[in-house]
Structures are given as C-alpha cells and as structure tokens.
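Only the coordinates and a few stated rules stand behind these numbers; no lab work does. Because the structure is a prediction, the values reported are computed rather than measured. All Cβ positions, even for glycine, are placed from backbone atoms using ideal geometry, and neighbour counts span all protein chains on display.
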Amino acid sequence: GFGALLIQHAPVICLLNRRRLDETLHSWALTRLPGTVFTDYTAHPEILARDLIHEAAHNWLNDALAAYDVQLPDDVTFFSPWRRSPRPVFGFLHACWAFSLTVMYVRRVRRGMTGPVVPFLDAYLRQQQGQFADADKSLKTALSYVSADGIRERITRVVDDVVAA
C-alpha cells in the first residue's frame, strides 16, 4: 500500500553502507533534492522498505506544506521523543508523520514474517509505541500551527490509528 508514496516521493534511492541488524542504520532526505533518499541497508528488504517509507514521508510532507504555503514558526518547540530534545513544529510534525507511516508498514509486514528480522521489527514496534505515547500529548497543539485542514486531518488520522492499535 505504500507503492505510490515511494514512486512519487522517493524515486531516487542512493544505497550507502550495508549494515547488520545490530548496527545503527542511517537514512535521510534533503529538501534541496526532492525525491532523493540516502540510506544504509541490511540483507533484509523489509528494513530497507521501512526506511524508504520514512524518508518518502518526509518528502511528501515537505511537498504538501509547500503546496499549501504552510508557514510554521521556528521559535515554537515540542519535545521529540525520537531525538530526545526540543524540536521546532516542523521537525516535530515530520517525526510524527514519518514514524507513523513506518509503524503502519511494520505492523503489516510483520504479520507473515519469520527469521532473525522478527525480533528486530518487534523491538522497533515496542520502541515506537513508547515514543508515540510521549509525542501524542503535544500533537494536537503542534498541528494547530498547520493552516491547511487536509494536512492537519491526515496527520491526525494516521497518528491516531498508530496510537490506538
């Protein structure tokens, strides 16, 4: 169900370093290179897909905010459990959006999996559950700075689904 997101918002993928599951994976997208994702990878394509979805989500949100000319304040911050530090509204919303899509994906793909990647994905879901519990407290306030109803409603719907499950 994430094919369109990847095709439209991550058409250029730059694979960097092959890693083991016990090593930290790095991935990023740059606003100056729309649709481009830089990422480490493992021998498990499910992990690569998770990270591509995360970065494509960032690219989608950048495009949506630009399309609706949403201006977010730089001086308003919210604690980000993912970075363990205060983040501007822009960064906080990006984390909530991108991680919510990866949780949706991991929950779906995890259902039929076996092997060494299963404990990795289970740990990821447990970690995200705690982080969303912390972030959910501030999400409504952070979203109040988004002037576009459609963006606000979409982020709310997806994060609510992740938190409720």
Taking only the alpha-carbon atoms of the range 78-136, what semi-axes of the equivalent ellipsoid follow from 5 times the gyration tensor eigenvalues under a square root, in whole Å, largest first?
25, 11, 8
In nanometres, what is the gap between the two model label sites at Leu30 and Ala164, each 7 Å from Cα along Cα-to-Cβ?
4.0
Nonlocal amide H pairs with Leu30, under 5 Å, H built at 1.01 Å:
Thr36
Coil-residue trypsin sites (Lys or Arg not before Pro) of the range 46-125, DSSP, other Cβ within 10 Å capped at 10:
Arg84, Arg111
Kirkwood hydrodynamic radius for the chain: how many Å is it when counted over pairs of different Cα atoms?
16.3
Two pseudo-spin positions, 7 Å from Cα along C-beta at Ser147 and at Gln129, lie apart in nanometres by 4.0
Amide proton proximity set for Phe79, modelled H, under 5 Å, gap of 5+:
Arg87
Förster radius 45 Å - calculated FRET efficiency between Leu16 and Lys140 (Cβ-Cβ, nearest 0.05):
0.80
Can you tell me, using C-alpha contacts under 8 Å and at least 6 residues apart, the relative contact order of the range 27-161 as a whole percent?
24
Can you list the HN-Hα couplings for the range 75-87, worked out from phi with the Karplus curve (6.51, -1.76, 1.60; θ = phi - 60°), rounded to whole Hz and with x for Gly and Pro?
9, 9, 10, 9, 5, 9, x, 6, 9, 6, 7, x, 10
From the phi of every residue in the range 62-68, what ³J(HN,Hα) in whole Hz does the Karplus formula 6.51 cos²θ - 1.76 cosθ + 1.60 yield, where θ is phi - 60° and glycine or proline is x?
4, 5, 5, 4, 5, 4, 9
Can you tell me the orientation of helix 89-110 relative to the chain, as the angle in degrees between its alpha-carbon axis and the longest Cα principal axis, to the nearest 10?
30
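Tell me which GluC sites (Glu not before Pro) from the range 1-78 have a DSSP coil assignment and no more than 11 other beta carbons within 10 Å of their own. Walk me through the intermediate numbers first.
On the way: sites: Glu23, Glu46, Glu55; in loops: Glu23.
Answer by residue number: Glu23.
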